[in-house]
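*Asks:* Could you have a look at this structure, given as structure tokens, before my questions?
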Amino acid sequence: MIKSVNFKNRANTLAANLHLPEGFDENKKYPALVGIHPAGGVKEQTIGLYAEKLSKHGYVVLVYDSSYQGASEGEPRLLEDPAVRVEDARCAADFLATLPYVDTERMGVYGICAGGGYTLSVAQTERRFKAVVAVSGTPMGEAVRSQFGVEVPVSELIKSLEMVAYQRTAQANGAELMYVPFVPEKFEDINEQTPDMLREGYDYYRTPRGHHPNSMGRFLFTSIDKMTTFSVFDYLGDFLTQPLLLIAGSKADTRIFSEQAYNLAKGEKELFIVEGATHIALYDVPEYVEQAVNKMVEFFKVL
């Protein structure tokens, strides 16, 4: 059963889906999970698929469109602000805490792609989350500064920030907003140099396979000044002390981020590699999703 609900992050109302277990009884207490979607994604895509499957194992699962995106409120549209994304997850925990059938001592969090990165971030300070899972986890700040493990020169990052500064000045004087695609917008934009994540991202986000009308697959260009110095990894080793499960495909070009997070984490941790899977394959390919979900169900028994 899925209920349409909403909750607030400051002035913004966030649109959410609450996935309830089979045989749900509002007089009982259930463990609960918050799910955080990929950058450019919405609650009806991969994060919702995982929520549907996890709810069948007895969890109340809340997934939502992040502030400025999807069916949620917030201006300017399609802003990707890591600090706000982290706060969205806190507010999701606030909402779950108001539900009489949620056991607030048994709450966990999971995320996919950038949502996995935000999961690793919020869990460092949001102690209501007792267990943490990142699937194809991609921390946005680290991803901006390092293209799949290859560091981007600071000089190039500064050039991007200079462009953002120019664009902000232009917008302040009436220029139109500028947007950047997370994945190729046209098949013709793909070539031999396109990374697998982006090539497969086109197939997921731009075709009937995973397309949703609320998922634009773009972000506001001026988001870059918020992502560039955002870090998930700086304090992960000190503050992420909850049990941690990292799931990555053996063929994922983002696998390096899961490995880095695993090496930094000092508490109870596991890195689960899904053989044959790429980054995007873990979004919806049944044979890989089932492996990931089964592992998550086993892991979330700690709640």
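The values are calculated or read from the model by the stated rules, or taken from the named source; none is laboratory data. The structure presented is a predicted model; accordingly, all values stated were derived computationally and were not measured. Because the Cβ atoms are built from the backbone with ideal geometry, glycine has one as well, and the counts that use them run over all protein chains shown. All accessible areas refer to the heavy atoms of the entire protein, side chains included, with ligands and DNA or RNA removed. Shrake-Rupley method; radii C 1.70, N 1.55, O 1.52, S 1.80 Å.
*Asks:* Do the conditions hold for Asp81, that is, is it charged (D, E, K, R), open to solvent by 10 Å² or more (accessible area, probe 1.4 Å) and in contact with a helix residue (DSSP H, G or I) (Cβ under 7 Å, 6 or more places away or on another chain)?
*Replies:* For Asp81, the condition - charged (D, E, K, R), open to solvent by 10 Å² or more (accessible area, probe 1.4 Å) and in contact with a helix residue (DSSP H, G or I) (Cβ under 7 Å, 6 or more places away or on another chain) - is met.
*Asks:* Another question about this same structure. Specify the residue that is surrounded by the fewest Cβ atoms within 10 Å (Cβ to Cβ); the eligible residues are those in region 187-241 that are β-branched (Val, Ile, Thr) and either part of a loop (DSSP other than H, G, I, E, B) or at pLDDT below 95 (or both).
*Replies:* Residue satisfying both the conditions and the ranking: Thr207.
*Asks:* Something else about it: Mind listing whichever residues of region 164-178 are surrounded by 13 or more Cβ atoms within 10 Å (Cβ to Cβ) and not in a loop (DSSP other than H, G, I, E, B)?
*Replies:* Residues satisfying the conditions are Val164, Gln167, Arg168, Ala170, Gln171.
*Asks:* Another one. In region 247-271, which residue that is in contact with a strand residue (DSSP E or B) (Cβ under 8 Å, 6 or more places away or on another chain) and surrounded by fewer than 19 Cβ atoms within 10 Å (Cβ to Cβ) is nearest to Leu198 (Cα to Cα)?
*Replies:* Here the answer is Ser250.
*Asks:* Are there any pairs, at least 6 apart or on different chains, whose C-beta atoms fall under 7 Å, with the first in region 138-156 and free of Cβ contacts under 8 Å to residues at least 40 places away in the same chain and the second open to solvent by 70 Å² or more (accessible area, probe 1.4 Å), and if so, which?
*Replies:* Pairs found: none.
*Asks:* Only one of these is out of contact with any strand residue (DSSP E or B) (no Cβ under 9 Å at 6 or more places or on another chain), of a type in the set (D, E, K, R), open to solvent by 10 Å² or more (accessible area, probe 1.4 Å) and at pLDDT 95 or above: Glu142, Glu73. Name it.
*Replies:* After applying the criteria, what remains is Glu142.
*Asks:* Looking at region 105-112, can you tell me whether even one residue there is touching a residue at least 40 places away in the same chain (Cβ under 8 Å), buried (at least 19 other Cβ atoms within 10 Å of the Cβ), under 12 Å from the mean Cα position of the chain (by Cα) and closer than 30 Å to Leu177 by Cβ?
*Replies:* Scanning region 105-112, I find at least one residue that is touching a residue at least 40 places away in the same chain (Cβ under 8 Å), buried (at least 19 other Cβ atoms within 10 Å of the Cβ), under 12 Å from the mean Cα position of the chain (by Cα) and closer than 30 Å to Leu177 by Cβ, so the answer is yes.
*Asks:* For region 272-294, name all the residues that are within 23 Å of Val183 (Cβ to Cβ), in contact (Cβ under 8 Å) with a residue 60 or more places away in the chain and surrounded by 17 or more Cβ atoms within 10 Å (Cβ to Cβ).
*Replies:* Thr278, His279, Ile280, Ala281, Leu282, Tyr283, Val289, Ala292
*Asks:* Residues in region 1-35 that are open to solvent by less than 10 Å² (accessible area, probe 1.4 Å), outside any strand (DSSP E or B) and within 16 Å of Val297 (Cβ to Cβ): how many?
*Replies:* 1
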